[in-house]
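Engineer: Take a look at this one; I'll ask things after.
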């Protein structure tokens, strides 16, 4: 079984008093909440062992934290731009990045090439009109999850399949360049493999979420 998840968005007491005004120097309160949620997702991916391409952007914002980023971290930020903490993951500008990750797969993936491909779009005709252009980040790579980083049954000993993963599952970011403001947009993302029959009523192989961008 293959399941995709998008990053959770946690609301707290600070978020409930958010404002619609944007600042050039810092995100608004709502954007800060999204920022914190995404950083919680990205932190487990940070490692001293360089990856090519990097598995995720660094969670260290060296403009506001007294930390010096490593060369590997700087490379990760370039590869994952604009979906980085330096850009507040786009939430302060109304151009959000939504991170998808592919969970454990119970059997080898019957893929098309070296990636499990991903597509995203509006669910209804009105959503397709309002969603605007989409980019998949890292740019310059196929839009999907590298097969080499999938947690498939053939790569995990049977005795360990119910244990927590030693490494987090692969990520991809969906960058919404210009979604329409003040409109609720229903988004569906799905993966493409030879062994998944698309069923819009099932959660297998697909993830759906809503976007609502304030002015």
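The values are calculated or read from the model by the stated rules, or taken from the named source; none is laboratory data. Given the structure is predicted, the values throughout are model-derived calculations rather than measurements. Neighbour counts run over all protein chains shown; Cβ positions are idealised from the backbone, glycine included.
Engineer: For residue 73, work out the one condition from (1) at pLDDT below 80; (2) under 29 Å from residue 142 (Cα atoms) it doesn't fulfil.
Structural biologist: Just one mismatch for residue 73, condition (1).
Engineer: Answer yes if at least one residue in region 27-48 is modelled with pLDDT under 55, more than 13 Å from the chain's Cα centre (by Cα) and assigned to a loop (DSSP other than H, G, I, E, B), and no otherwise.
Structural biologist: Yes.
Engineer: Among the residues of region 199-215, write down those that are at pLDDT 85 or above, surrounded by fewer than 14 Cβ atoms within 10 Å (Cβ to Cβ) and assigned to a loop (DSSP other than H, G, I, E, B).
Structural biologist: 212
Engineer: Mind listing just one residue for me: the one in region 164-186 that is part of a strand (DSSP E or B) and under 25 Å from residue 54 (Cβ atoms) and, of those, farthest from the chain's Cα centre (by Cα)?
Structural biologist: If we filter region 164-186 for residues that are part of a strand (DSSP E or B), which is where we start, we get 171-176, 185-186.
Then keep just the ones that are under 25 Å from residue 54 (Cβ atoms); that gives 171-176.
Numbers: 171: 6, 172: 5, 173: 4, 174: 6, 175: 9, 176: 11 Å.
Result: 176.
Engineer: Another question about this same structure. Looking at region 165-177 only, could you name the residues that are surrounded by fewer than 17 Cβ atoms within 10 Å (Cβ to Cβ) and either on the phi > 0 side of the Ramachandran plot or at pLDDT 95 or above (or both)?
Structural biologist: 177
Engineer: Say we look at region 187-198 and pick out the residues that are surrounded by 17 or more Cβ atoms within 10 Å (Cβ to Cβ) and closer than 17 Å to residue 125 by Cα; which of these is farthest from the chain's Cα centre (by Cα)?
Structural biologist: Filtering region 187-198 for residues that are surrounded by 17 or more Cβ atoms within 10 Å (Cβ to Cβ) and closer than 17 Å to residue 125 by Cα, the one farthest from the chain's Cα centre (by Cα) comes out as 187.
Engineer: Now, a different point. In region 95-112, what residues are assigned to a loop (DSSP other than H, G, I, E, B), closer than 27 Å to residue 82 by Cα and at pLDDT below 85?
Structural biologist: Narrowing region 95-112 to residues assigned to a loop (DSSP other than H, G, I, E, B): 95-96, 103-104, 106-111.
Filter once more, so that each one left must be closer than 27 Å to residue 82 by Cα: 95-96, 103.
Within region 95-112, just 103 meets the criteria.
Engineer: Still on this structure: In region 113-141, how many residues are over 18 Å from residue 97 (Cβ atoms), part of a loop (DSSP other than H, G, I, E, B) and touching a helix residue (DSSP H, G or I) at 6+ places or on another chain (Cβ under 7 Å)?
Structural biologist: 1
Engineer: Taking interchain pairs and intrachain pairs at least six residues apart, which have beta carbon atoms under 8 angstrom, with the first residue in region 199-210 and touching a residue at least 60 places away in the same chain (Cβ under 8 Å) and the second exposed (fewer than 14 other Cβ atoms within 10 Å of the Cβ)?
Structural biologist: Sorted first by the residue in region 199-210, then by its partner, the pairs are 204/1; 205/198; 206/198; 206/200.
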